[in-house]
Structure formats: structure tokens, C-alpha cells
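**Q** I have a structure I would like to understand better, so I am pasting it below and will then ask my questions one at a time.
The values are calculated or read from the model by the stated rules, or taken from the named source; none is laboratory data. Please read these numbers as outputs of a predicted model, since none were measured by experiment. Here the Cβ positions follow ideal geometry from the backbone for every residue, glycine too, while neighbour counts run over all protein chains shown. Accessible surface areas use protein heavy atoms only, side chains included; no ligands, DNA or RNA. Shrake-Rupley method; radii C 1.70, N 1.55, O 1.52, S 1.80 Å.
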Amino acid sequence: MSRIIFHIDVNSAYLSWTAVEQLKSGATLDIRTIPAIIGGDRKSRHGVVLAKSIPAKKYGIHTGEPVANALRKCPDIHMEPPDHALYHEYSRRLMEFLHTYTPDIEQVSVDECYLDFTGIAHRYHSYVSAAFEIKDRVREKFGFTVNIGISSNKLLAKMASDFEKPDRVHTLFPEEIKVKMWPLPVRELYMAGGSSVETLKKLGIRTIGELAQADPKILELHLKSHGRMLWNFANGIDDSPVVTWKTEAKGIGNSTTLPADVTEREEAAKILLGLAESVGGRLRKAGQKAGMVSVEIKYATFETSSHQKQLFGETASDTVLYQAAMELFDELWDGRPIRLLGIRTSKLVREDEPWQMSIFDLPHAQAPAGTGQMAKRTAKAGKGSVPGEKPAEAREQKRSSANALKQEKLSRALDQIRQKFGEDAVVRGSFLKKAEDDTND
């Protein structure tokens, strides 16, 4: 049989999870039933809308817009501050529940995932009845709702889950594209950002169907490779696999789409630090070390740039990963607004695998006299060096190897503290400063 993919998306996740927690604590008002948003501060009018209720949507409020705009549209709107620790806990519970159905799950953000239904299809009367079972059990077990989109590939499953909300199941198979997807405005297509939509409008393309029937060469001329990708998506073309934990064994990474474009290096550095801690934690949890680090930048124009570097030695240290990521970021970033940042590690080895020492980790020794031309070159290069290697480079690599080991031990010690006393028991000073700045805004 062909693949059957579910895309499972929590309806207004941040707001729904906040509402559920409030109701469990005795609240009588369900903020999902009134105009409400998550994010920002009413007094300062700073921040962006991270989630909205369905009643708020009727006022034209959009996720990602400034809180000040939302207050102008609905002055009496109810606002709640974000609680990311709470969101991660609800996300963890949801993923644990979904794994009782199948291990073939790819979590792509805190509130959405792909589930490959193909391997468990024989257990159910139909994929639609299975999706309804999952959806209804989530509502009964946790108190929040999800949408489930079903198709033969990830793209169409995601598009289907964005149809009518909340608490719905929708299908979008290739034979349904012309009826269900092509009439939609082109802005509804996955990965069609604002600048791309404006470019397409100038070309007279306003619906997904018009995009699907356009000449892909013209699209590439105006939007480069992104134009070809949008043409593929408009035609329902996507062969990307569901990447489960098992198939991710050759690399561990994390990325985040930013609620507002980042234009300052300092802000990007804080985001990369958080990502490095996330990736380092996952490496240690999986009992792995990485020998390669790569950084991805996606600009507001949806253009993507990435670069990678080999580490001096395999590591699972947050600090070493962060330092490598910042070196790569400084090489890559051209100053344009950033929409997404990501860190990925590869060339993984088991943490208990013997550590391969380099010549720079050996004690310095004077080359024996009279050992020929090699000894002369070594002595000339410097004690403890290899032919052609500068003494400063040798010292730097040795320091780097030793530092990586120390930082990894520190990261593991912090893991133990957090496991015993909670995730917030140890917080980096840079994050504390950001929290203070946000409070003072």
C-alpha cells in the first residue's frame, strides 16, 4: 500500500495548554471561549502574539503580529504571559501518548508532529477512523484538542491539518488537490512567505492552483530555488520521509522558527545558545558524542544558508557546540533579517567509545638527535609539533581538546542537577539578563 501520513497539530497550543492548566487549578473561565492571546505585556504593549483564541481571530488578530496591533483591534482582549516550561511538559505528555500507537513519529515543533500510519494500518478499519480515535482520546485524556491531516505525504498532510479548526480530521490526497487546495489563496501554501506572495501577485498568481499551473522556469527566474519548491508544493509533490528517532541516529539537531525576525547578532547568539543546550542534552541522553557541527540560517526571504565544521574531537558539551555554532554563524550571516536558526550535529559516536587522542594530547618530548631529516624538521617547527605545524596551532588544538573534556563533564553535572531539582535549577546568566530586561521593558 502507499504511505499514509498523519500530521497532528495542537489547536492554539500555548493558549489551550494555559487554559487547561488554569481550569485544573480551579478557574471558572475558559480563555479559549473569549478573545484572548498569549504573549507580550499589556502595560508596555511590547512583544508579539504567540497564540490566539478562535474568538480573537474574529477581530483579525494574527499569530506573530505585535501585541500593540492586537490591542488596537480588540482593546479588551484577555492576555496571558507565555510559560514555556508548561508548554514543554504538555508537549512531552502528548508525544508519550502518541508513541503508544507507533514509534514512527517525527516531532517538528513543540505542538506538531508527523505520524507514519502505514505500519499500523492493518490494526484499524480505516485510517480516518484511527485518526478520529486519536483525536478524541487526546481531548478526553488531556482536555485540549488537535487537528489531524491525512495524506500520502507530509506536505499534503500538513496542508490538510490547517483546514477548518478546531478538533477536526481532514484528508488531502493527490486526487483531492484540485478541489480542496487549488482554490485557496497562495498565502495558504506551506512555505509561501510574505515576500514570495507579493512577488507571485506581481506575476498575476493569486491562488495555489494558478501557481501549480505556472511555468516553473519563470518562478525560478523570480524566486530562484524557492520558486521551484513552491511549484512542487502547489502540485502536491513531496517525497520527504518521516524522520523518527531511529532514523535520526546519524545526526541530532534542533531548529526554531522565530516569532519575529532577528536582526541583531546578540539576539541570534542567545537563540543559538539555547539550541546548543538542547542538542547537547539530546546527545547526552542518547549516549552519543558529535564530531561535526552545522548551522542553518533561513532568512525572511526563505533563502537558506548552512555551513559545517569538523571538531577537534567528539563532544557532547553544550559550550563547545555553542562556540562552534557561533564561529559558523559569523561566517554565514550576511546581516539580513533571520527567520529560522538551527544547529545539527553529525559524525556521532557512542559516549563510551575510546577517545582517539591526537599528537597534540601527548606529552611534549625533545626529538632524538641524529634521527634524520624528520627530526630536523620537527625541531625546527618546535618541540611537540608535527612537520609543517606551527607551535601556536599545536598548543591551540591541545587546549581545545582538554577544554572540550572539561566542558562535557560540566554539562553532565548540570544535567544531574536539573534532573534532581528541575529544569530551572540552573540557568545561564545570559538568559537571566534577558528575563530581567523583558521584565523592565
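**Q** Could you check the stretch 104-137 and list, in sequence order, the residues that are within 20 Å of the chain's Cα centre (by Cα), open to solvent by 20 Å² or more (accessible area, probe 1.4 Å) and not polar (S, T, N, Q)?
**A** The initial filter retains those residues of the stretch 104-137 that are within 20 Å of the chain's Cα centre (by Cα), namely 104-116.
Of the ones still in play, those that are also open to solvent by 20 Å² or more (accessible area, probe 1.4 Å) are 104, 106-112, 116.
Matches in the stretch 104-137: ASP104, GLU106, VAL108, VAL110, ASP111, GLU112, ASP116.
**Q** Let me ask something else. Restricted to the stretch 85-113, and to residues that are touching a Phe, Trp or Tyr at 6+ places or on another chain (Cβ under 7 Å) and among the hydroxyl-bearing types (Ser, Thr, Tyr), which residue is nearest to SER2 (Cα to Cα)?
**A** Per the criteria, the residue is TYR90.
**Q** Tell me, please, whether a residue that is at negative phi, more than 18 Å from the chain's Cα centre (by Cα), free of Cβ contacts under 8 Å to residues at least 12 places away in the same chain and open to solvent by 40 Å² or more (accessible area, probe 1.4 Å) can be found in the stretch 251-267.
**A** yes
**Q** In addition: Does the stretch 365-376 contain at least one residue that is open to solvent by 80 Å² or more (accessible area, probe 1.4 Å) and modelled with pLDDT of 90 or more? Please lay out each step first, then the result.
**A** Residues of the stretch 365-376 that are open to solvent by 80 Å² or more (accessible area, probe 1.4 Å), as a first pass: 366, 368-370, 373-374, 376.
Filter again for modelled with pLDDT of 90 or more, leaving none.
No; the residues of the stretch 365-376 include none that is open to solvent by 80 Å² or more (accessible area, probe 1.4 Å) and modelled with pLDDT of 90 or more.
**Q** Name the single residue, out of those in the stretch 1-35 being of a type in the set (A, V, I, L, M) and not in a helix (DSSP H, G or I), that is surrounded by the fewest Cβ atoms within 10 Å (Cβ to Cβ).
**A** Here the residue is MET1.
**Q** Hey, another quick one. Restricting to the stretch 178-204, what's the tally of residues that are of a type in the set (A, V, I, L, M, F, W, C), open to solvent by less than 40 Å² (accessible area, probe 1.4 Å) and not in a loop (DSSP other than H, G, I, E, B)? Explain how you work it out, then say what you get.
**A** So the first thing to find is which residues in the stretch 178-204 are of a type in the set (A, V, I, L, M, F, W, C), and the list is 179, 181-182, 184, 186, 189, 191-192, 197, 200, 203.
Now narrow it down to the ones that are open to solvent by less than 40 Å² (accessible area, probe 1.4 Å): 181, 186, 189, 191-192, 197, 200.
Still in the list and also not in a loop (DSSP other than H, G, I, E, B): 186, 197, 200.
Qualifying residue count for the region: 3.
**Q** Restricting attention to the stretch 266-320, and to residues there that are part of a strand (DSSP E or B) and touching a His at 6+ places or on another chain (Cβ under 8 Å), which single residue is farthest from TRP333 (Cα to Cα)?
**A** Residues of the stretch 266-320 part of a strand (DSSP E or B): 288-299, 304-315.
Checking the rest, the ones that are also touching a His at 6+ places or on another chain (Cβ under 8 Å) come to 294-295.
Values: SER294: 13, VAL295: 10 Å.
Out of the qualifying residues, it is SER294.
**Q** To continue, here is another question. Select, from GLU296, GLU314, GLU277, the only residue that is in contact (Cβ under 8 Å) with a residue 24 or more places away in the chain, surrounded by 18 or more Cβ atoms within 10 Å (Cβ to Cβ) and more than 17 Å from the chain's Cα centre (by Cα). Give the steps one after another, and end with the answer.
**A** Working: GLU296 fails: more than 17 Å from the chain's Cα centre (by Cα); GLU277 fails: more than 17 Å from the chain's Cα centre (by Cα).
Selected residue: GLU314, the only one of GLU296, GLU314, GLU277 that is in contact (Cβ under 8 Å) with a residue 24 or more places away in the chain, surrounded by 18 or more Cβ atoms within 10 Å (Cβ to Cβ) and more than 17 Å from the chain's Cα centre (by Cα).
**Q** Checking GLU175 against (1) surrounded by 16 or more Cβ atoms within 10 Å (Cβ to Cβ); (2) free of Cβ contacts under 8 Å to residues at least 24 places away in the same chain; (3) not in a strand (DSSP E or B); (4) not β-branched (Val, Ile, Thr), which test does it fail?
**A** (1)
**Q** Just a yes or no: is a residue in the stretch 249-260 in a helix (DSSP H, G or I) and not hydroxyl-bearing (Ser, Thr, Tyr)? Before you say what the answer is, go through the steps one by one.
**A** Step one: filter the stretch 249-260 for residues in a helix (DSSP H, G or I), giving none.
Checked the stretch 249-260: no residue is in a helix (DSSP H, G or I) and not hydroxyl-bearing (Ser, Thr, Tyr).
**Q** Just checking, which of PRO75, PRO82, PRO103 is of a type outside the set (A, V, I, L, M, F, W, C) and under 16 Å from ILE38 (Cβ atoms)? Steps first, please.
**A** Values: PRO75 fails: under 16 Å from ILE38 (Cβ atoms); PRO103 fails: under 16 Å from ILE38 (Cβ atoms).
Answer to the check: PRO82.
**Q** Which pairs turn up if I take residues in the stretch 192-208 that are at negative phi and without any contact (Cβ under 8 Å) to a residue 60 or more places away in the chain and look for partners that are assigned to a helix (DSSP H, G or I) and of a type outside the set (A, V, I, L, M, F, W, C) with beta carbon separation below 7 Å, at least 6 apart in sequence or on another chain?
**A** If the second residue must be assigned to a helix (DSSP H, G or I) and of a type outside the set (A, V, I, L, M, F, W, C), the pairs left are VAL197/ARG187; THR199/HIS222; LEU203/HIS222; ILE208/GLU188.
**Q** If I filter the stretch 36-80 down to residues being of a type in the set (Asp, Glu) and assigned to a strand (DSSP E or B), which single residue comes out as nearest to SER16 (Cα to Cα)?
**A** Just the residues of the stretch 36-80 that are of a type in the set (Asp, Glu), to begin with: 41, 65, 76, 80.
This time we only want the ones that are assigned to a strand (DSSP E or B), so: 41, 80.
Details: ASP41: 19, GLU80: 11 Å.
Residue satisfying both the conditions and the ranking: GLU80.
One line per residue, one yes/no per condition, for (1) over 21 Å from ILE177 (Cβ atoms); (2) part of a helix (DSSP H, G or I); (3) at pLDDT below 95:
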site: PRO82; (1), (2), (3): yes, no, yes
site: ALA85; (1), (2), (3): yes, yes, yes
site: HIS122; (1), (2), (3): yes, yes, yes
site: ASN147; (1), (2), (3): no, no, no
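**Q** Can you name the residue in the stretch 237-248 that is open to solvent by 60 Å² or more (accessible area, probe 1.4 Å) and either of a type in the set (Gly, Ala, Ser) or within 30 Å of GLU176 (Cα to Cα) (or both) and, of all such residues, is modelled with the highest pLDDT? Give the derivation first.
**A** Step one: filter the stretch 237-248 for residues open to solvent by 60 Å² or more (accessible area, probe 1.4 Å), giving 237, 239, 241, 245-247.
Filter again for either of a type in the set (Gly, Ala, Ser) or within 30 Å of GLU176 (Cα to Cα) (or both), leaving 237, 239, 241.
Values: ILE237: 96, ASP239: 88, PRO241: 84.
The residue in question is ILE237.
**Q** Assuming LYS58 fulfils every condition listed in (1) surrounded by fewer than 16 Cβ atoms within 10 Å (Cβ to Cβ); (2) touching a strand residue (DSSP E or B) at 6+ places or on another chain (Cβ under 7 Å) apart from one, which condition is it?
**A** (2)
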